[in-house]
1. What about G53, is it in contact with a Ser or Thr (Cβ under 8 Å, 6 or more places away or on another chain) and over 16 Å from A72 (Cβ atoms)?
2. Out of everything in the range 124-178 that is basic (K, R) and modelled with pLDDT under 95, what residue ends up being farthest from A73 (Cα to Cα)?
3. Which residue pairs have Cβ atoms under 6 Å apart, sit 6 or more places apart or on different chains, and have a first residue in the range 1-26 that is in contact (Cβ under 8 Å) with a residue 12 or more places away in the chain and a second that is part of a loop (DSSP other than H, G, I, E, B) and hydroxyl-bearing (S, T, Y)?
4. Checking the structure you have, find out if any residue of the range 9-16 is acidic (D, E) and modelled with pLDDT of 95 or more.
5. Just for the range 75-115: of the residues that are part of a helix (DSSP H, G or I) and touching a Cys at 6+ places or on another chain (Cβ under 8 Å), which one is farthest from K9 (Cα to Cα)?
6. Among the candidates I104, I91, I128, I84, which residue alone is farther than 11 Å from V56 by Cβ, hydrophobic (A, V, I, L, M, F, W, C) and buried (at least 23 other Cβ atoms within 10 Å of the Cβ)?
7. Quick one: would you say T118 is at pLDDT 95 or above, within 17 Å of the chain's Cα centre (by Cα) and farther than 25 Å from N61 by Cβ?
8. Considering the range 23-51 alone, what residues qualify as being surrounded by fewer than 14 Cβ atoms within 10 Å (Cβ to Cβ) and either over 16 Å from the mean Cα position of the chain (by Cα) or not basic (K, R) (or both)?
Amino acid sequence: MLIRGRVWKYGDNVNTDVMFPGKYTYTVTDPAEIARHALEDLDPQFAMHVRAGDIVVGGRNWGCGSSREQAAACLKYAGVGAVIAVSFARIYFRNAINLGLPAITCPEAVLALRPGETAEIDLVRREIRCGAGTFTFPALSSTVLDIIAAGGLIPMLCRQLGVPVPEGYSRWSEGGGG
């Protein structure tokens with residue numbers, strides 16, 4: 001599983017309120033509209049310029065704050081290929097994985113990656129490649145890789161159970177907003 005895209009780099013303690021503003025949490029439910037508000041209070045230009053496969057890089061404690069799933073979903077729906085951080089808030093990490101958005105912990109790569117450069121992530125080989133070199137990250141479990149490959153936990157479970165993915169979900173489970 002390869003991910004290739006431009007780097008968007010942010011700092012430490014980026015909380016879920018600036019990733020997806022609370023004022024939209026219960027009023028915006030359409031994935032395309034959720035994507036339009038991605039990182040709105042952190043980087044107002046992000047949602048207008050992000051491209052499928054782009055990589056968000058954060059510092060320590062990425063995704064701290066409330067447990068709103070939309071903080072990970074807005075990036076997934078905007079087409080983000082992965083998030084790399086020094087560390088993740090536990091609930092954000094799990095929300096990202098459940099949505100099929102790779103969340104990778106690699107402090108060395110975070111230091112080396114530069115905003116706007118193109119980077120590549122090989123989830124199977126556990127490598128992040130960029131202008132500064134190649135960085136190895138801890139292995140994601142086979143279950144996590146299966147969830148990511150399926151486009152999220154719900155599509156993976158539906159496939160295992162032999163039932164269709166719920167209507168409206170499948171077009172967003174692959175990322176990129178349809």
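The values are calculated or read from the model by the stated rules, or taken from the named source; none is laboratory data. Predicted model, so just to flag it, every value in this text is computed and none were measured. Please note: Cβ atoms are built from the backbone with ideal geometry, for glycine as well, and neighbour counts cover all protein chains shown.
1. no
2. R159
3. These pairs meet every condition: T16/S66.
4. yes
5. The extreme case among them is Y92.
6. None of the other options fit; the residue is I128.
7. yes
8. Listed by number, the residues that qualify are K23, Y26, T27, T29, D30, A32, E33, P44, Q45, M48, H49.
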